[in-house]
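Engineer: Once you've had a glance at the structure underneath, I'll fire off some questions.
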Amino acid sequence: MGKRLGVSEDYLATGTERHDEKTLLVEAEISLRLDERELAGELYAEALEGATTSDERASALVGLGQLAFGEGKPRESIARLEDARSIAQGDLADQPGWADTLGRAYAMIDKLDAAVDIFQRSLAAAEGRNDPIEAVRFAVLLANAHIDKAEFAEAEQLLERILTLAPDSNDPIFRARLYWSQSRLYAARQDHPRAARYARKALHLLELTEHTYYTAQAHQLLAHIELDRRKPEEALELLEKGLALLADGGTPIDVALFKLEQARALIQLQRHEEAASTAMDASGLLADASPQDGGRGYALVAEVFSELGDSRKALELYELAAELLSRHPTRYLVEVYEKLAQVLEAEGQKDEALDVLKKAVAIQTHTG
């Protein structure tokens, strides 16, 4: 009867809901926070099956969505979280953990407008509640989304605002996130010395904490910058340390992003066969989860085949990379078009090479 009426049996018996800390949802959340993923999945599924109210069903769906995100399945995560969003009472902006996961899942598959909308609403809600901790969280997430969209002025304004949101914060994670975002901004602007300096600051702060996941991510970011500066040995050392820190705490996509940077380092070291194998491993997952990173992966493999003299395979992979990267044009797409034009010209296809270079110039003009 309770299921048909949309209430629990406790409500039918007493007129009130019983809040027992041993309920399935509480146990599931504890299991999730303790990284007992298999148990959490079973508990959330059982809670979803037995849900009698829309809020109970939404909570179970959110848990399953967060599990999917942690397993490197952003599309499944979005489906679960959007189902929860459609039935839950209240505003998503008032659910920071849920909004964080949904926004990052959209960003991961390059649906950056959706991510920006979620982060903007959540930031405004946090400021309205006078909650500086959550305001910092969403300001950093929003700044990173703007960087991914090449909206550098907006990102810079946000990073300046973060300092006013929590000017006296001694939290090393807060300061590390700020330094990390500033590093990404400078890297996107090709200011590698400043990018490296801020990444080092983030890394030093994170190494003082037990937040090894963030420390691992800082190693990856710094390795990316070192590769832009043509320092592959330093990058490989950083990536090795970062992967060790990541251990079981990262998602499959996290691991794939590390492999992508390893492939870049191996190319710079002229270890082409290892680079091709590593990049292909990363690209298979990233193409579905993150088109931008998948495109970068295929471009790396194309570069390897070009170095090996297999122009046909290189052209095929560069075109695949361009297709993925064109969904949200950035400097990476410009680089792919430039390299594709070089291969076409070497093959005697000068008109096709010129057309591709025109595309590169148009994108560079548009993105600045």
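The values are calculated or read from the model by the stated rules, or taken from the named source; none is laboratory data. Just so you know, these numbers come straight off a predicted model, no measurement behind them. Glycine gets a Cβ as well: all are built from the backbone with ideal geometry, and neighbour counts include every protein chain shown.
Engineer: Can you pull out the residues in region 306-331 that are buried (at least 18 other Cβ atoms within 10 Å of the Cβ) and outside any loop (DSSP other than H, G, I, E, B)?
Structural biologist: If the condition is that a residue be buried (at least 18 other Cβ atoms within 10 Å of the Cβ) and outside any loop (DSSP other than H, G, I, E, B), then Ser306, Ala314, Leu315, Leu317, Tyr318, Leu320, Ala321, Ala322, Leu324, Leu325 are the ones that fit.
Engineer: Examine region 340-349 for a residue that is farther than 27 Å from Ala187 by Cα, among the polar types (S, T, N, Q), at pLDDT 85 or above and not in a helix (DSSP H, G or I), and state whether such a residue exists. Show your work before the answer.
Structural biologist: Taking region 340-349 first, the residues farther than 27 Å from Ala187 by Cα are 343-349.
Restricting the remaining residues to those that are among the polar types (S, T, N, Q) gives 349.
Imposing the further condition that a residue be at pLDDT 85 or above reduces the set to 349.
Okay, now just the ones that are also not in a helix (DSSP H, G or I), so 349.
Among the residues of region 340-349, at least one is farther than 27 Å from Ala187 by Cα, among the polar types (S, T, N, Q), at pLDDT 85 or above and not in a helix (DSSP H, G or I), which makes the answer yes.
Engineer: I've got another one for you. Let me confirm something: among His219, His192, which residue is in contact with a Gly (Cβ under 9 Å, 6 or more places away or on another chain) and at pLDDT 85 or above? Step through it out loud before you land on a result.
Structural biologist: Numbers: His192 fails: in contact with a Gly (Cβ under 9 Å, 6 or more places away or on another chain).
None of the others qualify; the one that does is His219.
Engineer: Shifting gears a bit: Does region 51-58 include one or more residues that are surrounded by fewer than 18 Cβ atoms within 10 Å (Cβ to Cβ), closer than 30 Å to Leu159 by Cα and polar (S, T, N, Q)? Give the derivation first.
Structural biologist: Step one: filter region 51-58 for residues surrounded by fewer than 18 Cβ atoms within 10 Å (Cβ to Cβ), giving 54-55.
The next check asks that each one be closer than 30 Å to Leu159 by Cα; those that pass are none.
Within region 51-58 (the criterion being surrounded by fewer than 18 Cβ atoms within 10 Å (Cβ to Cβ), closer than 30 Å to Leu159 by Cα and polar (S, T, N, Q)), the answer is no, since none of the residues qualifies.
Residue-by-condition table, conditions (1) under 24 Å from Ala145 (Cα atoms); (2) of a type outside the set (Asp, Glu); (3) without any contact (Cβ under 8 Å) to a residue 60 or more places away in the chain:
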residue	(1), (2), (3)
Gly295	yes, yes, yes
Glu307	no, no, yes
Asp310	no, no, yes
Glu323	yes, no, yes
Leu333	yes, yes, yes
Ala341	no, yes, yes
His366	yes, yes, yes
